[in-house]
Amino acid sequence: MLDPAAPQLVVNSRFLHVSWLPADPDAVAALVPTGLRPHAEPRVFLGQCVVDDASQTSGLGAYDLTYLGVSLDGVDAPGGATPCGWWTHYITSSERVLGYVRMRGFPAYPGHTALEVRADTLVAETELDGVPVIRTRCRVGDTGHVIDSGQSRYFTRRDGQLLSSIYPYLIEPVSPFEIESVEFLEPEHPVYALRPANPLTIVAGFYSPRASFAYPGSLTVHPGDAGAGDRAEVSPAAARRSTTRVVNRPARR
C-alpha cells in the first residue's frame with residue numbers, strides 16, 4: 001500500500017473539467033458538511049481524467065478517475081480568485097489509487113472513466129458497477145501556446161475532521177472548446193443529485209490532453225467554522241491516527 005503521507009506527481013494526463021449550475025441547488029447544498037458553506041450560487045464541478053501509462057506518475061501507476069463536488073464559499077484557493085471545493089465522489093479504476101486516496105479522506109469508489117476524441121468531438125464517460133452514470137460531450141480543438149497554471153484547494157473529511165490541501169496544476173488547454181452536454185444517466189444513483197440544470201448553464205471548463213498535477217504530502221486540519229481560527233499542518237498519516245483553485249477557465253456554450 002502506498003504511504004498516504006507521500007506526495008505524488010502526475011504528468012501529461014488527459015483531463016476534462018466542467019462546472020455548472022445544478023438542477024436542485026438545495027440537494028447540492030445539503031451535501032456540504034457542517035463547518036463549510038456552499039457557494040452563494042451553488043455550483044457543481046466534475047473532473048474526468050485518464051493517466052495512460054505508469055511512466056506518467058511518481059508511484060500511482062496508470063489509472064483513470066472521475067471526481068464530483070460542490071464549490072465552497074469563504075475558503076478560497078491561494079490568490080483568492082476562485083472558490084475551493086468539497087469532494088462528494090472520487091471514482092477510480094485503480095486499487096492502488098483507491099487505497100491511497102481513501103487514507104487521505106477522499107470519498108472514493110471503484111469505477112471506470114474513458115475519454116475518447118474522434119475528429120473534433122470528445123466523449124467522456126464514467127461507469128460505476130459497470131453501469132454508465134455520467135456522460136459528457138464536448139467540441140475540442142488543438143493545444144496552442146497557452147499554458148494555465150495555479151493551485152487548487154479541495155476539502156475531505158477523515159474521522160470527524162475537515163481536511164484540506166493545496167493541489168498545484170499545469171495544463172495546456174485546447175481551443176476552441178465547447179461543452180455540448182452533461183448527462184447524468186441513472187436517476188436512482190446518488191450522483192444524480194448533482195445533475196445540471198436544464199437548460200445547461202456552464203460556469204467554467206477546459207479540456208487538456210496534457211495536464212499535470214500533484215497530490216500534496218500534507219493535509220490541513222480545518223476549524224469548525226469555515227474561514228475562522230488557526231490551521232495546523234498535519235501529514236495524512238497523522239490524520240489517520242487522530243481521526244479548488246478549481247480551474248475557472250470560461251467555456252463557450
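The values are calculated or read from the model by the stated rules, or taken from the named source; none is laboratory data. Just so it is clear, the structure is predicted and the values come from calculations on it, not from any experiment. Don't worry about glycine lacking a Cβ; one is built from the backbone with ideal geometry, like all the others, and counts go over all protein chains shown. Surface accessibility is based on the protein's heavy atoms, side chains included, excluding ligands, DNA and RNA. Shrake-Rupley method; radii C 1.70, N 1.55, O 1.52, S 1.80 Å.
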Going by the structure shown, is residue 177 over 24 Å from residue 103 (Cα atoms), among the aromatic types (Phe, Trp, Tyr) and within 18 Å of the chain's Cα centre (by Cα)? no
Going by the structure shown, is residue 146 at pLDDT 95 or above and of a type outside the set (Lys, Arg)? no
Look at the range 1-22 and say how many of its residues are buried (at least 18 other Cβ atoms within 10 Å of the Cβ) and either farther than 30 Å from residue 177 by Cα or among the small types (Gly, Ala, Ser) (or both). 3
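Could you check, for the range 161-173, whether at least one of its residues is more than 29 Å from residue 35 (Cβ to Cβ), touching a strand residue (DSSP E or B) at 6+ places or on another chain (Cβ under 8 Å) and open to solvent by 10 Å² or more (accessible area, probe 1.4 Å)?
Scanning the range 161-173, I find at least one residue that is more than 29 Å from residue 35 (Cβ to Cβ), touching a strand residue (DSSP E or B) at 6+ places or on another chain (Cβ under 8 Å) and open to solvent by 10 Å² or more (accessible area, probe 1.4 Å), so the answer is yes.
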Any pair with Cβ under 6 angstrom, 6 or more apart, that starts in the range 115-132 at a residue that is closer than 17 Å to residue 184 by Cβ and part of a strand (DSSP E or B) and ends at one that is open to solvent by 60 Å² or more (accessible area, probe 1.4 Å) and acidic (Asp, Glu): 123/116
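Looking at the range 120-130 only, could you name the residues that are farther than 20 Å from residue 51 by Cβ and modelled with pLDDT of 95 or more?
Pass one, the range 120-130, residues farther than 20 Å from residue 51 by Cβ: 120-121, 129-130.
Selection gives 120, 121.
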Those residues of the range 189-239 which are among the charged types (D, E, K, R) and modelled with pLDDT of 95 or more amount to 195, 210
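Name the single residue that is modelled with the highest pLDDT among those in the range 240-250 being open to solvent by 20 Å² or more (accessible area, probe 1.4 Å) and under 21 Å from residue 123 (Cα atoms). Spell out how you get there, then give the answer.
Step one: of the range 240-250, the residues open to solvent by 20 Å² or more (accessible area, probe 1.4 Å) are 240-243, 245, 248-250.
Next, from what is left, pick out any that are under 21 Å from residue 123 (Cα atoms): 248-250.
On the way: 248: 37, 249: 45, 250: 42.
Per the criteria, the residue is 249.
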Take the residues in the range 67-98 that are open to solvent by less than 20 Å² (accessible area, probe 1.4 Å) and not in a strand (DSSP E or B), then tell me which one is modelled with the lowest pLDDT. 82
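Mind listing just one residue for me: the one in the range 42-66 that is in a loop (DSSP other than H, G, I, E, B) and of a type in the set (A, V, I, L, M, F, W, C) and, of those, surrounded by the fewest Cβ atoms within 10 Å (Cβ to Cβ)? Step through it out loud before you land on a result.
Within the range 42-66, the first condition is being in a loop (DSSP other than H, G, I, E, B), and the residues that meet it are 42-43, 52-53, 58-62.
Next cut, of a type in the set (A, V, I, L, M, F, W, C) only: 60, 62.
On the way: 60: 21, 62: 16.
Among those that are in a loop (DSSP other than H, G, I, E, B) and of a type in the set (A, V, I, L, M, F, W, C), it is 62.
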